[in-house]
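Accompanying notes for the structure given below.
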Amino acid sequence: MSWVRENCVSFLELLCIKVVKTGRVPQHIAFIMDGNRRFAKKNSVDSCAGHYKGFDKLSETLKWCLDLGIPEVTVYAFSIENFKRSKEEVDGLMDLARDKFQRLMDELDQINEWGVRIHVAGRLSLLPEDLRVLVSKAMLATRYNYKLRLNIAYAYTGRDEISRAATHIVDGVKNNELSPQDIDDELVSRTLELGEAELLVRTSGEVRLSDFMLWQVSNTVLYFTDVLWPEFTVYNLLAAIIHFQRNAPPPKAVVDISETKQEFLNKMERQRWQQIEKYVSCP
Ligand code: FPP
Ligand code: MG
């Protein structure tokens with residue numbers, strides 16, 4: 001299945017999407033896609049097949065989010081902790097990612113038509129070399145798409161992301177690009193790879209954050225549902241959005257940032273792209 005699943009929305013579902021869309025829709029929604037192995041067990045298939053079903057559900061969810069006009073989606077696809085799972089499962093998940101990113105490159109015209117920009121957030125150095133090249137190519141090839149930004153947290157934990165941001169800031173101070181007085185919560189927020197989500201959904205009945213977007217969820221509406229990720233439906237998504245509409249705080253005002261901080265952030269962004277280009281040209 002490709003990254004955005006077409007023809008997965010019935011007339012009734014489209015009608016419900018339209019009704020929910022008349023209210024406020026989150027501008028950034030994050031998913032902890034949990035329950036793939038329990039789904040596999042329930043259906044007497046191996047864990048890997050459960051993860052493939054999980055990917056199919058992600059592609060359906062992306063179509064629903066595009067229909068809802070949600071411009072940013074972040075998914076927890078592989079935590080640094082997941083490296084501790086059995087070799088067979090880790091290899092299976094890496095193969096799944098290889099397969100899907102290769103497919104994305106083969107179907108680039110389609111993904112560009114949908115306007116989906118891919119960003120893989122995490123410690124890319126921990127990935128097998130061939131996968132690192134593939135995800136880097138996907139990021140470069142989709143970097144100018146603007147309808148939906150899909151952040152895939154891979155080899156990621158929130159605490160690791162915060163540590164990497166701290167290292168960047170310390171380097172900025174050491175290189176005289178920043179002064180210690182420049183360090184505040186706004187600078188830390190913008191140094192992180194992922195932005196703040198307005199709504200976070202976790203499936204499968206677990207009610208933990210599991211080291212996902214720890215800094216970014218300070219003001220986020222949380223929604224926990226018992227449904228296993230591969231069984232998630234558009235109605236589950238709409239229920240999450242209605243929960244958001246009932247509980248959302250007012251949207252945050254955009255905070256101005258000093259020229260010094262902006263220059264530091266621009267430089268960091270340039271260096272990030274240079275690193276991605278380097279992964280592709282000399283892995
Ligand atoms: C959690 O379920 C799910 C994962 C660790 C992997 C999620 C990955 C995908 C849905 C595929 C995404 C792939 C790409 C390339 C974007 P679990 O294994 O913890 O299941 P359990 O809670 O039932 O044990
Ligand atoms: Mg789990």
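Laboratory data are not the source of any read-out in this text; all were calculated from the coordinates shown. Model, not experiment: these values are computed from the prediction. When we count neighbours, we look across all protein chains shown, and the Cβ atoms used for this are built from the backbone with ideal geometry, even at glycine.
Based on Cβ point charges of +1 for Lys and Arg and -1 for Asp and Glu, what charge dipole magnitude is obtained for segment 177-267 about its Cα centre, in debye rounded to the nearest 20? Please list the in-between numbers first.
Details: 7 positive and 15 negative charges, 80 e Å.
Result for segment 177-267 is approximately 380 debye, rounded to the nearest 20.
List the trypsin sites (Lys or Arg not before Pro) within segment 103-180 that fall in a DSSP loop (any state other than H, G, I, E or B) and whose Cβ has at most 15 other Cβ atoms within 10 Å.
Details: sites: ARG103, ARG117, ARG123, ARG132, LYS137, ARG143, LYS147, ARG149, ARG159, ARG164, LYS174; in loops: ARG123, ARG143, LYS147.
Taking segment 103-180 and a limit of 15 other Cβ atoms within 10 Å, the loop trypsin sites (Lys or Arg not before Pro) found are ARG123, ARG143, LYS147.
Over all distinct alpha-carbon pairs, what is the Kirkwood Rh of segment 204-258 in angstrom?
Details: mean 1/r = 0.0745 Å⁻¹.
Computed over Cα pairs of segment 204-258, the Kirkwood hydrodynamic radius comes out at 13.4 Å.
So what are the ³J(HN,Hα) numbers for segment 115-121, from phi and the Karplus equation (6.51, -1.76, 1.60; θ = phi - 60°), rounded to whole Hz, Gly and Pro as x?
x, 8, 9, 9, 10, 9, 9
What is the distance in Å between the Cα centres of segment 46-110 and segment 213-283?
If you average the Cα positions of each part, the centres end up 17 Å apart.
From the residues THR191, GLY172, THR203, which one has its Cα farthest along the dipole of the chain in the positive direction, the dipole being from +1 and -1 charges on Cβ of Lys/Arg and Asp/Glu about the Cα centre?
Towards the positive end, the residue furthest out is THR203.
Could you work out the percent of alpha carbon pairs in the chain separated by over 24 Å, rounded to a whole number? Could you put the intermediate results ahead of the total?
Numbers: 20814 of 39903 pairs.
Everything past 24 Å amounts to 52 percent.
Treat every Asp and Glu Cβ in the chain as -1 and every Lys and Arg Cβ as +1, leave all other atoms uncharged, and give the resulting dipole magnitude about the Cα centre to the nearest 20 debye. Before the final figure, lay out the partial values.
Numbers: 37 positive and 40 negative charges, 80 e Å.
That gives the chain a dipole magnitude of about 380 debye.
When the dipole is taken about the Cα centre of segment 67-164, and only Lys, Arg (+1) and Asp, Glu (-1) are charged at their Cβ, what size is it in debye, to the nearest 20?
Numbers: 15 positive and 16 negative charges, 83 e Å.
In total the dipole reaches around 400 debye.
For segment 54-202, how big is the tail of P(r) above 20 Å, as a whole percent of Cα pairs? Walk me through the numbers before you get to the answer.
Values: 5997 of 11026 pairs.
Roughly 54 percent, once rounded to a whole number.
Of ASN145, GLY115, MET33, which is farthest towards the positive pole of the chain's charge dipole, taken about the Cα centre with +1 and -1 on the beta-carbons of Lys, Arg and Asp, Glu respectively?
Toward the positive end, the furthest listed residue is MET33.
Send over the per residue convex hull volume for segment 77-141, Cα only, as a whole number of Å³.
Per residue, the Cα convex hull of segment 77-141 comes to 81 Å³.
Given only helices, namely DSSP H runs of n ≥ 4 each adding -39500 (n - 2.57), what is the per-residue ellipticity at 222 nm of the chain, to the nearest 500 deg cm²/dmol? If you can, show how the numbers build up before the last one.
Numbers: 10 runs with 141 residues, N = 283.
Roughly -16000 deg cm²/dmol at 222 nm, from the helical runs in the chain.
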